[in-house]
Every structure is written in C-alpha cells, then in structure tokens.
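Here's the structure we're looking at; comments come further down.
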Amino acid sequence: MARAPFELAGVRVAPGSRAQIDVPIAKLYTHAPLHIPVEVVHGRQPGPVLLVCGAIHGDEINGVEIVRRLLRSSAIRRLRGTLIAVPIVNVFGFVQHTRYLPDRRDLNRCFPGSEAGSLGSRVAALFREQIADQATHIIDLHTGAIHRTNLPQVRAQLQQGSETAAMAEAFGVPVILNAELREGSLRAYAQSRGVPVLTYEAGEALRFDEWAIAPGVRGVLRVMRQLGMLAASRRRSQPPAAEVANGSSWARAPIDGILRPRTRLGARVAKGQILGVVADPFGNSEDEIVANADGIVIGMSNLPLANEGEALFHVARFDAIEEAENAVESFQSDYEPAPETL
Ligand SMILES: [Zn+2]
C-alpha cells in the first residue's frame, strides 16, 4: 500500500517528494504577511517524523545554517519517515537580530501557548499546532545567548535506556548535560507529551561558528541514522566519545569591571583555579573569579565587560573528568583548525 501524503498547514506532500511551505504566523503592522519557513521531506518508506528547528531564539543563527546544510545533504534523498526542517522559528526576532519577540517575550518560555494569549503565547500555540505536534522526535538547535559562547553540547533529560538518551549519545558531541527542563520551553512541552527531544547548544549568538555548525550537521545525521531514517554509515559506526555531566554552574563576576579571561572554552579546570580577573579601568581594584569545582568550561562570556553577578564561565562537573577531557580534546582537534593553518 502506498504511503499517505504528509499534510502541513494545508499543503499535502506526496511520498518521495519534498516541499517548502510558508506557514502564516502573523502580519507585521505594515500589513506585510509573516511566515515561518518550513521544508518537509517526506520519504517513500514509513518511519519517524523528525522536527529539526533553529532560531527559536531569533539571534541564535548557527542552527539556521545547520538546517540549510542538512537540507542540501545528499544523505536525505533516501529518507525513511519524514523530516520537518524549520530553519527559523522566531522570525520576528531573526529579522531584528534579537532573542526575543517584539513584546520582549522569550518564545522558548511560552509553550504550550494559547490562541488567546500574548503574542508569544499565540506564536507558540500556532507553531505547536501546525508543526511541532506532528513530530515523533525533535532536535532543537540553539547557541549561547548574546556575547556568550557554548562548547558544542547536547541537553536532554536522560533516563537510562530511553530513546532520548540514545539520541543524545548518537549525536556525538563531547558533552551531554542532563539538563533540567525550563518551564515553557519547547523541550519541556515535547517531553510532557512523551516525544523524545534534545537541544543542541553550540557557539555564540549572531555568529557562524564553523566548529559548532559542522558537528551539528553531522550530529543530526547521526541521530537520523540511529532512528533508522537513514541507512547506517559504512565509514564509522561508533559516534565519538561523549560524557554525561552530573551538574554545572556559572562562575560570576565578583565586582563590576573589565574581564581578562585566564581560561578558554573546553579547558579542564580545577577547584580553586583562577578563571579570570575583573578589574576597574584604572586597575585600582581587582578581583579573581575562581572555579568552585573541578570541571570543563562549557560556556563563557566573550564580552570583556561585566557587572557584578554576571555569569561569565559555565563549568560542568563530571564523575569521569579524565574521559570528559579526552572527549573534548579529540573533538576540538577534529573541528578546530590548528593555529598555524589559520
Ligand atoms: Zn537558545
């Protein structure tokens, strides 16, 4: 029996074909219509319906490029199941280079949303009803917030033997964070419906970081293989090593001032180690930011200006710190050009 067409926002996509669909989301107050751009790739064979989406935070654009490369990849020509690719969810924020919606709300705190609610709530409800609710699995692509950068990492709620845990491991980046669910996030909403979901966090807002994009594309393809949507790779069956962190915390600016970092992304740090120094512009007063645990720097500020209390270094803790350090080092040697080749 032939597979049924896939329907999204009133458009029917035949098996073995793909379609770009503009899902109407709102109008600008100029009268211009606004759409969420979606591409559906509907395989001939049945299988999972995977949603891959970027820029739910409008300034987190590495995911936009990950989706573009994914859609251009020859690997997805013989797809089992269905791929729903959404490069830009928060189209308002993307146009304005901002994380937020025009009402200053964070779309990723608005789920499940409601048709009668705020702008954020309405956009969340529409995205959910038209797009996300069709998915059996979700990968949500993020970066650090403005002026902050993240070591490529997967965040998911890991339960032993769960499909989410298998997806997280298959993604193949060095750090997996068993992260708390944020209320109102797409991840919390999907999890509440029993849909396996993971978040990929890599690089900085408003940047294209190749070391975040390339492993992101590979990670999504690996998850698709693990889900049986793509044929197994002939080259490499095992994903690169990943370690699950058993917690993380931010080291914060002790005083207001100008930051000189003394560590870098992906570095292993020891409890008590100086991560950076904050000083006033004259150097009259100066204070150190100290690591409060052994761990790996998985996120940090790229802006050397800090107010007291500002989050500057995100340190993840591991039971197997040695293994985590090795996983990060081998990842970085794969994806970061050596200084002499720059
Ligand atoms: Zn984000």
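The values are calculated or read from the model by the stated rules, or taken from the named source; none is laboratory data. Keep in mind that what you see is a predicted model, and the values were worked out from it rather than measured. Neighbour counts run over all protein chains shown; Cβ positions are idealised from the backbone, glycine included.
Okay, here's what the table says:
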item: Conditions (1) in contact (Cβ under 8 Å) with a residue 24 or more places away in the chain; (2) within 21 Å of THR98 (Cβ to Cβ); (3) in contact with a strand residue (DSSP E or B) (Cβ under 9 Å, 6 or more places away or on another chain); number of the one not met by PRO33; result: (1)
item: Matching residues in region 112-129 - criterion: being in contact with a strand residue (DSSP E or B) (Cβ under 7 Å, 6 or more places away or on another chain) and under 14 Å from ALA190 (Cα atoms); result: PHE127
item: Single residue of LEU70, LEU28 found to be of a type in the set (A, V, I, L, M, F, W, C), more than 16 Å from the ligand (Cβ to nearest atom) and within 19 Å of LEU8 (Cβ to Cβ); result: LEU70
item: Residues of region 76-101 classified as at pLDDT 95 or above and out of contact with any Cys (no Cβ under 9 Å at 6 or more places or on another chain), total; result: 17
item: Among residues of region 141-168, those that are more than 15 Å from the ligand (Cβ to nearest atom), surrounded by fewer than 17 Cβ atoms within 10 Å (Cβ to Cβ) and not small (Gly, Ala, Ser), counted; result: 2
item: Test result for VAL173, buried (at least 19 other Cβ atoms within 10 Å of the Cβ) and either in a helix (DSSP H, G or I) or more than 15 Å from the ligand (Cβ to nearest atom) (or both); result: yes
item: Answer from PHE331, PHE318 - the residue that is of a type in the set (Phe, Trp, Tyr), in contact with a helix residue (DSSP H, G or I) (Cβ under 6 Å, 6 or more places away or on another chain) and closer than 27 Å to PRO174 by Cα; result: PHE318
item: Flag for GLU163 being assigned by TED's automatic domain parsing to the domain that holds GLY43, farther than 29 Å from VAL23 by Cβ and not β-branched (Val, Ile, Thr); result: no
item: Wholly within region 1-53, strands (runs of 3 or more DSSP E) carrying at least 2 residues that are surrounded by 15 or more Cβ atoms within 10 Å (Cβ to Cβ) and in contact with a Leu (Cβ under 7 Å, 6 or more places away or on another chain); result: 17-27, 33-42
item: Matching residues in region 288-323 - criterion: being outside any strand (DSSP E or B) and within 20 Å of the chain's Cα centre (by Cα); result: ASN302
item: Residues of region 92-140 classified as away from the ligand (no atom under 16 Å from the Cβ), part of a loop (DSSP other than H, G, I, E, B) and in contact (Cβ under 8 Å) with a residue 40 or more places away in the chain, total; result: 4
